[in-house]
Amino acid sequence: MILEITLGIITFLTSIVAGVVGIGGGMMLIAILPSFLPLNALIPVHGLTQMSSNFSRAVFGYKDVEYEVIPKFLVGSLLGIALFSSILFYISLEYVPLFIGVYILLSLWSTKFNEKIKRYENYYIAGFFQTGLSMVVGATGPLTMTLLLKDYGDKHKVVATGAALMSITHIFKVIVFVFFGFVFWDYVGVLSFMIAGAIAGSFVGTKLRDKIDGKRFIMVLKVLLSALAIKLMVSLFL
């Protein structure tokens, strides 16, 4: 029971972070979980917990979700998960994190890059890569958050819509793990506390977001996304 309560509290705290700025909580959680769970359960348990965190965050902010982007993202996600789950064992994706990191940094800070890439950026492509690559790359959420940050200036729209889109990614990921035979029921105790913590953290984080000034929020999110991008690139050489 101590393990369950501990992971529930940790998930609550990381979910608050995600509820405030829209991202970062999942990365913090995946970094902590290896100390508590076997490696074969790490990604599935994290995926189901993050699905709960993101979905609850989207529900709490449902008025701010930009629903018109969801069908586009969903189509891309279906294609991405179908392709990557079928070729996962046949191709090397070693340098994918490097390309994701470079794209995020250029997209956030380079005006010239944005002028050239804008015609190719859309939610079909974002869904394809975010959901497809989520099977092998932990931090694909910044792909969509970077796009949302450029399309919508409102912090609530960015976080709520990002949560809705990341929910789709994690739902497909969980379905794939079930298909490949992972038994979530074996971890029902841990998952119950973690899901409860995720939902509670989303609620608290949504309330705390109102305390942050819009301009400050955008700068904090850009810095956090940049830090995640750098971490992705550096991790290849460690």
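Take THR140 and tell me if it is open to solvent by less than 40 Å² (accessible area, probe 1.4 Å), free of Cβ contacts under 8 Å to residues at least 60 places away in the same chain, within 30 Å of GLU4 (Cα to Cα) and out of contact with any strand residue (DSSP E or B) (no Cβ under 7 Å at 6 or more places or on another chain). Reasoning before the result, please.
On the way: open to solvent by less than 40 Å² (accessible area, probe 1.4 Å): yes; free of Cβ contacts under 8 Å to residues at least 60 places away in the same chain: yes; within 30 Å of GLU4 (Cα to Cα): yes; out of contact with any strand residue (DSSP E or B) (no Cβ under 7 Å at 6 or more places or on another chain): yes.
Taking the combined requirement at face value, the residue satisfies it.
Checking PHE203, PHE177, PHE193 one by one, the residue that is in a helix (DSSP H, G or I), among the aromatic types (Phe, Trp, Tyr) and modelled with pLDDT under 90 is PHE177 and no other. Residue count for the range 21-49 under the criterion of being open to solvent by 20 Å² or more (accessible area, probe 1.4 Å), under 30 Å from GLY153 (Cβ atoms) and in contact (Cβ under 8 Å) with a residue 40 or more places away in the chain: the result is 2.
MET233: of a type in the set (A, V, I, L, M, F, W, C) and modelled with pLDDT under 90, yes or no? Before you say what the answer is, go through the steps one by one.
Values: of a type in the set (A, V, I, L, M, F, W, C): yes; modelled with pLDDT under 90: yes.
Taking the combined requirement at face value, the residue satisfies it.
Applying the set (1) open to solvent by 20 Å² or more (accessible area, probe 1.4 Å); (2) of a type in the set (S, T, N, Q); (3) touching an Asp or Glu at 6+ places or on another chain (Cβ under 9 Å); (4) modelled with pLDDT of 85 or more to ASN114 leaves exactly one unmet item: (4). Evaluation of LYS211 against the conditions (1) buried (at least 18 other Cβ atoms within 10 Å of the Cβ); (2) outside any helix (DSSP H, G or I) shows that the sole unmet condition is (1).
Of the numbered criteria (1) open to solvent by less than 60 Å² (accessible area, probe 1.4 Å); (2) touching a residue at least 12 places away in the same chain (Cβ under 8 Å), the one GLY181 fails is (2). In this structure, is LEU147 in contact (Cβ under 8 Å) with a residue 24 or more places away in the chain, part of a helix (DSSP H, G or I) and open to solvent by less than 30 Å² (accessible area, probe 1.4 Å)? So LEU147 fits the description; yes. Pairs linking a residue in the range 152-172 that is part of a loop (DSSP other than H, G, I, E, B) to a residue that is open to solvent by less than 10 Å² (accessible area, probe 1.4 Å), with Cβ atoms under 9 Å and 6 or more positions apart or on different chains, are TYR152/VAL158; TYR152/THR161.
The values are calculated or read from the model by the stated rules, or taken from the named source; none is laboratory data. What you see is a predicted model, and the numbers here were worked out from it, not measured in a lab. Virtual Cβ from ideal backbone geometry, glycine too; neighbours counted across all protein chains shown. Just so you know, the surface numbers come from the protein's heavy atoms only, side chains and all, with ligands and any DNA or RNA stripped out. Shrake-Rupley method; radii C 1.70, N 1.55, O 1.52, S 1.80 Å.
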